[in-house]
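Some notes on the structure that comes next.
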Amino acid sequence: MIVGIIGKPNTGKSTFFNAATLSHAQVASYPFTTIKPNVGIAYLRVSCVCKELDVKDSPVNSICINGIRLIPVKLIDVAGLVPDAWKGRGLGNKFLDDIRRADALIHVIDASGSTDEEGRPCTLGAHDPLCDVDFVEREFDLWLLQIVKRDWPRMSRTAESGVQKISSMLAERLSGLSITEEQIVESMNSIKLNFEKPTNWSEEDVFDLCRVIRQISKPMVIAMNKSDLLTSLKNIERLRAKGCLVIPCAAEAELLLRRAAEKELIEYIPGDSSFHMLHLDRLTPEQKKAFNLVNDRVLKVWSSTGVQQVINTVYFDLMKSIVVYPVEDEKRLSDKTGHVLPDAYVMKVGSKAKDLAYKIHTDLGKGFLYAVDAKKECA
Ligand SMILES: Nc1nc2c(ncn2[C@@H]2O[C@H](COP(=O)(O)OP(=O)(O)O)[C@@H](O)[C@H]2O)c(=O)[nH]1
Ligand SMILES: [Mg+2]
């Protein structure tokens, strides 16, 4: 599973990416082998099962701090999107190339309205960030439409002649985008398109289909960034009133807190609603001022910087993930070498024990016989 950060330029995507992927406690065994410059490791924050089972754990593939388990997940910082990117404008093609692999998206919006529709700085509050939501979705839909429409008359006729189903042909065409036939069928059903008669589909039907395929295959959460700026407040409320899944976010504040925690100037676990200053004597007046600003403008108003909440929302609410803790020794809850609750894996809800075995190692998946629920065994 991989999550892409998208939006127009200058909304704070890279700041969000840098904040989310900065961790002072790196995991011992790095689970991802090839990492490109714009791909990084963020962490999911969950309440660790060690508390529930009342054991002292020794994690290997993740981190446990005071009963909070931080589990690595992949994040991509995608190139900024400008109007007409679908025609190849700006870094349009680079954008689309990055987004292909994403299973879900974080749309970072400049909630303060201090960047225009192209992402150029403008007077604070001069741009309406609500327009940005529609713009990014539209670019995406037009891009999909362009791919689907290529050769459409021939494709729809071939499907109608019974050679190959239209859903299967579309799946082939969109396979490079991590879009499955199952998702295409679900999309066609949801707008009640006649599978048998694709030549009868109107241009609008095809466009609607692209829109639903995008919604189903790349679910999106909106991070209303720069929530520390005063103009953001009313824009966040306006967008919420429209029923969008919106999380107020202050990426720059999160970056400041994580860097300070890394230098041990403060105690802070990503997602906390407060931080604790250490070594007050080592802090410069500017640093103290910056911490106070984060407290007053972000934590007291929104109760967190929102960065961690965005990551958790994408995995648990959009992608319906679950966390599993595989062990080899179900009595000691450990691996072969005695690490208690060594690993935490993020899986799609409904995954089987065999899927987990494959995720750990192909050989383990191939030789898989059975698994037990250690939690029940222990009870
Ligand atoms: N006030 C404020 N500014 C931010 C925040 N996040 C990013 N910025 C600023 O927005 C500008 C663009 O940030 P950047 O991460 O490069 O944007 P990108 O082009 O979307 O990757 C920079 O000047 C950042 O310092 C935030 O949470 N609050
Ligand atoms: Mg950037």
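Points worth noting:
- Applying a threshold of 6 Å to beta carbon distances and a minimum spacing of six or more residues, or different chains, the list of pairs starting in the stretch 250-261 at a residue that is outside any helix (DSSP H, G or I) and ending at one that is within 6 Å of ligand 1 (Cβ to nearest atom) and of a type in the set (Gly, Ala, Ser) is empty.
- Only a single item in (1) open to solvent by 50 Å² or more (accessible area, probe 1.4 Å); (2) in contact with a His (Cβ under 8 Å, 6 or more places away or on another chain) is not met by residue 282, and it is number (2).
Results for (1) in contact (Cβ under 8 Å) with a residue 60 or more places away in the chain; (2) open to solvent by less than 40 Å² (accessible area, probe 1.4 Å), shown as yes or no for each residue.
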residue: 187; (1), (2): no, yes
residue: 208; (1), (2): no, no
residue: 215; (1), (2): no, no
residue: 247; (1), (2): yes, yes
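- Of all residues in the stretch 287-329, those satisfying the criterion of being more than 19 Å from residue 359 (Cα to Cα), within 22 Å of the chain's Cα centre (by Cα) and surrounded by fewer than 16 Cβ atoms within 10 Å (Cβ to Cβ) are 303, 317.
- Of everything listed in (1) of a type in the set (D, E, K, R); (2) open to solvent by 10 Å² or more (accessible area, probe 1.4 Å); (3) at pLDDT 95 or above, the single unmet condition for residue 254 is (2).
- Checklist (1) open to solvent by 10 Å² or more (accessible area, probe 1.4 Å); (2) modelled with pLDDT of 80 or more; (3) within 13 Å of ligand 2 (Cβ to nearest atom) applied to residue 94, failing item: (2)
- Of all residues in the stretch 1-17, those satisfying the criterion of being open to solvent by 10 Å² or more (accessible area, probe 1.4 Å) and either assigned to a loop (DSSP other than H, G, I, E, B) or touching a helix residue (DSSP H, G or I) at 6+ places or on another chain (Cβ under 6 Å) (or both) are 1, 9, 10, 12, 15.
- Residues satisfying the stated conditions in the stretch 10-39, i.e. within 16 Å of ligand 2 (Cβ to nearest atom) and either modelled with pLDDT under 90 or more than 26 Å from residue 98 (Cα to Cα) (or both): 22, 36, 37, 38, 39
- Failed criterion for residue 142 (all others in (1) over 24 Å from the mean Cα position of the chain (by Cα); (2) surrounded by 14 or more Cβ atoms within 10 Å (Cβ to Cβ) hold): (1)
The values are calculated or read from the model by the stated rules, or taken from the named source; none is laboratory data. What you see is a predicted model, and the numbers here were worked out from it, not measured in a lab. Please note: Cβ atoms are built from the backbone with ideal geometry, for glycine as well, and neighbour counts cover all protein chains shown. In case anyone asks, the SASA skips ligands and DNA or RNA and just uses the protein heavy atoms, side chains included. Shrake-Rupley method; radii C 1.70, N 1.55, O 1.52, S 1.80 Å.
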